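This report concerns only the one structure given below.
Nothing in this text is a laboratory measurement; each read-out follows from the coordinates by a stated rule. Since we're looking at a predicted model, the values are computed, not measured. Cβ coordinates were reconstructed from backbone atoms using ideal geometry, including for glycine residues, and neighbour counts include every protein chain displayed.
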Amino acid sequence: MRVRLPKITIWRAIFAAIMLSGLYATYLRIFYGLGGSTNLSDRFPWGVWIAFDVLCGVGLAAGGFTLVAVVHIFAIERYKPILRPAILTAFLGYSLVVVALLFDLGRPDRLWHPLVMWNPHSVMFEVAWCVTLYTTVLFLEFLPMVLERFGWHQPLEWIHNISVPLMIAGVLLSTLHQSSLGSLFLIVPAKMYPLWYSPTLPAMFYISAIGVGLAMTIFESWHSSRAFGRALELPLLASMGRVLAVLMSGYLWLRFLDLAHRHVLGLLLVNRPETWLFFLEIALMAIPAMLLFQKRIRLQPGALYACAVMVIFGFVANRLNVGVTALESGSGTSYVPRWSEIAVTLSIVAAGFAIFRLIAEYFPVFEAPAGGQPLLVAEKESEEESVPVG
Amino acid sequence: MSKGILYDSTLCVGCRACEGACAERWGLPYNEKIAGEETISAHKLTAIETHGDKYNRRLCMHCQEPACASVCPVGAIQKTALGPVVYDPEKCMGCRYCLQACAFQVPTYEWDSRLPRMRKCDQCFERQSRGEPTACAAACPTGATKCGERDALIAEAHERIAGKPRDYYGAIYGLEEAGGTSVFYLSSVPFAQIGLRTNVPHEPLPDLTWRVLELTPDVVSTGSILLGGIWWITNRRAEVAKAEGKRK
C-alpha cells in the first residue's frame with residue numbers, strides 16, 4: 001500500500017473536495033429548498049437527481065438480481081465468485097437511491113407516506129414499494145457477509161433457510177422495479193421526444209438494466225482486482241462479455257424495430273441536439289457490443305473493461321436522455337443542472353465507491369463463504385468459454 | 001351532475017378581474033407586478049395571457065380522468081364527484097410526478113419553500129359545494145368565464161358556435177383533450193394561436209400507465225411459479241447427481 005500512497009492522496013483530495021461541495025449543496029437544499037439548490041421549475045420538475053441518481057442508480061444495481069438469478073436459480077455456479085460483489089453493489093446502489101430521494105423529494109420527512117397511503121394506479125407507488133421491499137431483500141442478502149465476519153452462525157442459518165423465497169422475491173421485485181422506471185414516462189406522450197417515448201419503455205428499461213448489470217459486474221471485478229491485488233476472474237468475465245454482446249445487440253435491434261414501427265426513423269435525419277444525443281447513446285452501446293463479439297477483445301482484461309465502461313456510459317446516456325433530453329423541447333423550457341445538483345450527485349457516487357471499498361476490505365466480499373457446501377458443479381475454471389445462457 | 005367552467009376567449013377583455021378574485025380567494029398577494037406575470041405559478045393559480053389582440057386564460061382543466069390524480073403515489077390528488085380535482089397537502093410527499101404528468105402543465109410547486117406544496121386551481125371546491133359560483137366566474141364582468149353544470153356548458157358552447165359560426169373557430173377545446181376535461185375553451189382562431197396545447201392525446205392518460213400496471217399480479221404470480229420451478233429442477237438435478245455420485 002505504501003508504494004501507491006501519493007496516488008491515493010490525490011484521489012483522497014478529490015474525494016474530499018467532492019464531499020465538501022456536496023455538504024455545502026446539502027446546506028443549500030435544506031435551508032433554501034429545491035428552488036435554492038436546483039434549476040428545476042414548474043415546467044421542468046425532474047432533473048438529474050431523478051434522471052441520474054434514481055434512474056441510473058437503480059439500473060447500475062441490476063447486477064445483483066441478474067447474478068442471483070444466474071447463480072442460485074439457474075444454478076450456474078461458476079459465477080459464484082462474483083456474486084457477492086454484485087449483491088454489495090446492488091445494496092449500496094439502492095441505499096444511495098434512497099439518499100438521493102431524500103434530496104429530491106419536496107418533503108423527505110414523508111418518504112414513508114406511500115407505504116400507508118395507497119394509490120395502486122400510480123407507477124410511483126409501485127416504484128416506492130419496490131424500492132422499500134427490494135432494499136430489504138438486498139439487506140438480507142448482504143447480511144451473511146457481516147454475520148460470517150463475526151462468526152454469528154445462528155442468524156446465518158435463519159437467513160439460509162429463507163434464502164430461496166428471498167432470492168425469487170428479489171428477482172421479481174427487480175423485474176417490476178426496473179421496468180416501472182420506464183413506465184413512469186408512459187404518461188407523458190405529448191411532452192416526450194418521439195425518439196424516446198415508446199409504449200415499449202418498460203421492456204426496454206428492463207433489458208438494458210440486465211445489460212448494464214453485467215457490465216457493472218465486469219467493471220467492479222476489474223477495479224477490485226486492482227485495489228485488492230487479486231487475479232481477475234477472466235474466463236468468467238469473458239464469457240459474461242459474450243452474453244453482454246448478445247444482449248445489447250438484441251436490445252439495439254428491438255430499439256430500432258420500435259422506432260421503425262412508430263414511423264419515427266425519419267427524425268434521425270433532422271439536425272437537432274436530440275438526434276446527436278441519440279446517436280451518442282446508441283454508439284456507446286453498439287460499439288462495445290460489436291467489439292465483445294470478438295474473443296480476442298474479451299480475453300484481454302483492458303479491452304473487456306473498456307467495453308464494460310462504454311456500455312455503462314451508454315446506459316447512463318440513455319437514462320439521461322429519457323429523463324432530461326427527451327423532455328426539454330416538449331416542456332417549452334431548457335434545463336441545465338445547477339452546480340449544487342451535480343455536487344450532490346457526485347458526492348453520492350463518491351460515497352458509494354468509498355463505502356464499497358471499506359466493506360470489501362473488512363468483510364468477506366471476495367471470498368467463498370466459509371464452511372459452505374461444496375460446489376454443486378465441480379467445474380474447473382477453464383480458458384474455454386462455455387455456451388452462454390439465454 | 002358535475003361542475004365545469006366555460007371560458008369564451010372572444011368575450012374576454014383582459015381585465016384580469018378573475019386573477020384578482022382568485023388571489024383573494026386563496027389569500028395570495030396580488031399587485032401590479034403579479035398581474036403582469038402571464039404564467040401560472042405557485043402564487044398565481046390562474047393567469048390571463050395576451051396573444052396579439054386576443055386573450056386566453058390558464059387554469060386547471062379538471063380532467064374527467066386526471067393524469068395528476070392517477071400518478072400521485074399517495075393519493076393526495078382526487079377527482080371529486082362534484083367535478084373539481086382537489087389536493088390534500090398533508091399527504092403530499094413532494095415527488096412532483098403530477099407536474100411531470102399533466103399534459104396541460106398546470107400544477108405548480110412552491111420551489112422556494114422549506115415545506116413546499118403543490119399548488120393549482122381547485123375550481124373553488126368549497127364554494128361550489130355550497131352551490132356558489134367559482135370566484136373567477138363571479139368576478140368576470142363580461143361573462144367570458146362562466147361556471148355551471150358541465151353538460152349544460154357543453155350544450156351552450158355548441159349553441160354559441162352554431163349561432164355565430166363566423167365569430168368562432170368551430171371546435172370546443174377540452175371536449176376531447178385528455179379524454180375530456182371540465183374546462184372548455186371557445187376561440188375565434190385555432191387554439192394553438194392562443195397558446196393552447198393542441199398535441200394533447202384524446203384518450204384518458206391514466207390508461208397509458210394502467211395498461212402496464214395491471215400486469216403486475218400476472219408478473220408476480222407467473223414469475224414466482226417460473227423461477228420456483230426452475231430452481232426446483234436445477235436443484236433437484238444437482239441433488240440427484242450428488243446422490244448418484246456422478247460428476248456433471
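Choose one answer from A:ASP42, A:ASP104, A:ASP53: the residue with the largest mean-square fluctuation in a GNM of chain A with alpha-carbon springs under 10 Å. In this elastic network of chain A, the residue with the biggest mean-square fluctuation among A:ASP42, A:ASP104, A:ASP53 is A:ASP42. Bridge orientation summary for the protein assembly as shown: considering DSSP beta bridges with both residues in this region, about 80 percent are antiparallel. Distance from the Cα centroid of segment A:264-313 to that of segment B:119-157 is 55 Å (rounded to whole angstrom). Less than 5 angstrom separates the built amide H of B:CYS95 from those of A:GLY106, all sequence-distant by 5 or more or on a different chain. Rounded to the nearest 10 degrees, the inclination of helix B:216-243 to the longest alpha-carbon principal axis of chain B is 10 degrees.
Please say if segment B:206-247 is rounded, prolate or oblate, where rounded means a/c under 1.5 for a ≥ b ≥ c the square roots of the C-alpha gyration tensor eigenvalues, and otherwise the choice is prolate for a/b larger than b/c and oblate otherwise? Judged from the Cα gyration tensor, segment B:206-247 comes out prolate (a/c at least 1.5, a/b above b/c). Comparing mean-square fluctuations of B:LEU45, B:LEU215, B:LEU82 from a GNM of chain B with C-alpha springs under 10 Å, the top value falls on B:LEU215.
Sequence-ordered 3J(HN,Hα) estimates for segment B:97-102 from the Karplus curve with 6.51, -1.76 and 1.60 and θ = phi - 60° stand at 5, 5, 5, 5, 7, 5 Hz, glycine and proline given as x. Phi angles across segment B:162-178 convert, under the Karplus curve 6.51 cos²θ - 1.76 cosθ + 1.60 with θ = phi - 60°, into 3J(HN,Hα) values of 5, x, 10, x, 6, 7, 10, 6, x, 8, 10, 7, x, 6, 10, 4, 6 Hz, Gly and Pro given as x.
Per the helix-only calculation at 222 nm, which mean residue ellipticity applies to chain A, given -39500 (n - 2.57) for every DSSP H run of n ≥ 4 and division by its residues, nearest 500 deg cm²/dmol?
-22000 deg cm²/dmol
Between B:HIS51 and B:ASN56, the built amide H atoms are under 5 Å apart, and every one of these is 5 or more places off in sequence or on another chain. Short-range pairs are left out: with C-alpha atoms under 8 Å and at least six residues apart, the relative contact order of chain B is 25 percent. Under a Gaussian network description of chain A, with springs only between Cα atoms under 10 Å, the residue in A:ALA61, A:ALA350, A:ALA17 that fluctuates furthest is A:ALA17. Based on DSSP H segments of at least four residues, each scored -39500 (n - 2.57), chain B has a per-residue ellipticity at 222 nm of -10000 deg cm²/dmol.
Rounded if a/c is under 1.5, else prolate if a/b beats b/c, else oblate: with a ≥ b ≥ c from the C-alpha gyration tensor eigenvalues square-rooted, which is the protein assembly as shown? Judged from the Cα gyration tensor, the protein assembly as shown comes out prolate (a/c at least 1.5, a/b above b/c). Among complete DSSP H helices in chain A, those whose alpha-carbon atoms stretch at least 30 Å along the helix's long axis and whose mean Kyte-Doolittle hydropathy reaches 1.0 are A:83-104, A:123-150, A:234-261, A:339-362. Annotation: cysteines of chain B without a disulfide-compatible partner (Cβ-Cβ under 4.7 angstrom) are B:CYS12, B:CYS15, B:CYS22, B:CYS63, B:CYS72, B:CYS92, B:CYS95, B:CYS102, B:CYS124, B:CYS140, B:CYS147.
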